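Coordinate-derived values only; no laboratory data. Here the structure is a predicted model, which means the values were calculated and not measured. Here the Cβ positions follow ideal geometry from the backbone for every residue, glycine too, while neighbour counts run over all protein chains shown.
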Amino acid sequence: MAVSGVLFLCSQPAVSDSDFRYLLGLSVGIRNIEFDLDSMGSPSFFVLNDGNGPVIPATTGARQSFDFEESLYTAGFSGTLIYDRFSLSALVELPLQAEDTSLHTSIASLPGAGVPINDVSDRDSELDRFDVGLTLGYRVWEGLSVFSGYKHTEFDLESREYNLLLSNKDQNYVEEGFFIGSSYAWQFGNKGSLSLSIAYAYLDTEFSESNVAKEPPPFGFVFDEFAYNGSSNGLSYGAHWSGRLTGQWLYTVGLKYQSYNSNNNATTLQGLFGDNFLSQDPAVSIPVSATPIAVTGIDTKHTDATFSAGIMYMLQ
């Protein structure tokens, strides 16, 4: 919303080229979020008797994935400074409340030796999100502007139930980095202004887990933290209508679509196995460890589609 308001004002003649103008804005909206993660795990092998015993297959290589789609109602708070042809905007967006979502998970063994796994299920989770952005814009000519800035997006998935792939662990995903783009605004007399924009972003990404079990159950196993760092990139597209309500009050209505992809990330995943994991007799302990699983080809796709409406107040 802040960028659309800036585009509207910057496409108009300033009261004075030396004047500063300030805007404060509030918006509400609905954001539809889609996130997909797909990866490939290597085979793993049991090592018995504290490393002195035989080595036997544990699990085959497996394809592991999870995804969700959910809508969040959001509130945005913005501030903008305009001087001559330049504008500087800050925007913070928060969900009005966290939402329950269904996290679809899948783990399927590839053909080969070992213990086969094939599990497809859904896990109830609570989704929360936080966004912040800073944008510097410059009006090149009439309605044509260029802009660049920094953005930070973070969402959390808090487990509501156990499943095989993710256990009871909570997931955290972060995208942050820089973007650059351009926009053009058309003025329709006193009715308002329509602006279209496109931007490219190159972002650092981080995936991590919390609520991770540190000790396995005696007759079972748990996976350690699944975490990796990578990068993603993609495009965003926006369309905004801005107009004047009365006096110093403006309104904005906007649509925005963005899609970012991350490819070929890698990490390792350690399994923790109880001493009685291979024995059904509580009196017979078989100490066991397992080789780490090399997780490769981690690909993600994060897509947002947002509709928002808001008001802005201009100070001069």
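Glu142 versus (1) of a type outside the set (S, T, N, Q); (2) in contact (Cβ under 8 Å) with a residue 40 or more places away in the chain; (3) in contact with a strand residue (DSSP E or B) (Cβ under 6 Å, 6 or more places away or on another chain); (4) over 30 Å from Asp224 (Cα atoms): which is the lone unmet condition? Unmet for Glu142, out of (1) of a type outside the set (S, T, N, Q); (2) in contact (Cβ under 8 Å) with a residue 40 or more places away in the chain; (3) in contact with a strand residue (DSSP E or B) (Cβ under 6 Å, 6 or more places away or on another chain); (4) over 30 Å from Asp224 (Cα atoms): (3). Meeting the requirement of 3 or more residues that are of a type in the set (Asp, Glu), the strands (runs of 3 or more DSSP E) wholly within region 86-155 are 118-141. Given the criteria touching a helix residue (DSSP H, G or I) at 6+ places or on another chain (Cβ under 7 Å) and in a strand (DSSP E or B), does Ile56 qualify? Spelling it out, it is not the case that Ile56 is touching a helix residue (DSSP H, G or I) at 6+ places or on another chain (Cβ under 7 Å) and in a strand (DSSP E or B). Restricting attention to region 247-260, the residues that are over 20 Å from Gly76 (Cα atoms), surrounded by 14 or more Cβ atoms within 10 Å (Cβ to Cβ) and not hydroxyl-bearing (Ser, Thr, Tyr) add up to 0. Look at Phe45 and say whether it is touching a strand residue (DSSP E or B) at 6+ places or on another chain (Cβ under 6 Å), in contact (Cβ under 8 Å) with a residue 12 or more places away in the chain, crowded, with 18+ Cβ neighbours inside 10 Å and within 20 Å of Leu164 (Cα to Cα). No. For region 200-294, the strands (runs of 3 or more DSSP E) that sit wholly inside it and include 1 or more residues that are under 28 Å from the mean Cα position of the chain (by Cα) are 221-223, 228-246, 249-269, 271-273.
Ser145 meets each of the listed conditions (1) in contact with a Lys or Arg (Cβ under 7 Å, 6 or more places away or on another chain); (2) surrounded by fewer than 15 Cβ atoms within 10 Å (Cβ to Cβ); (3) under 22 Å from Leu91 (Cα atoms) apart from (2). Where residues in region 70-80 are of a type outside the set (S, T, N, Q) and surrounded by 15 or more Cβ atoms within 10 Å (Cβ to Cβ), which of them is farthest from Glu34 (Cα to Cα)? For region 70-80, the residue satisfying everything is Gly79.
When residues in region 158-179 are screened for being crowded, with 20+ Cβ neighbours inside 10 Å, touching a residue at least 60 places away in the same chain (Cβ under 8 Å) and under 30 Å from Leu196 (Cβ atoms), 1 of them pass.
Exactly one residue among Phe68, Phe155 is touching a His at 6+ places or on another chain (Cβ under 7 Å) and farther than 30 Å from Ser193 by Cα, and that residue is Phe68.
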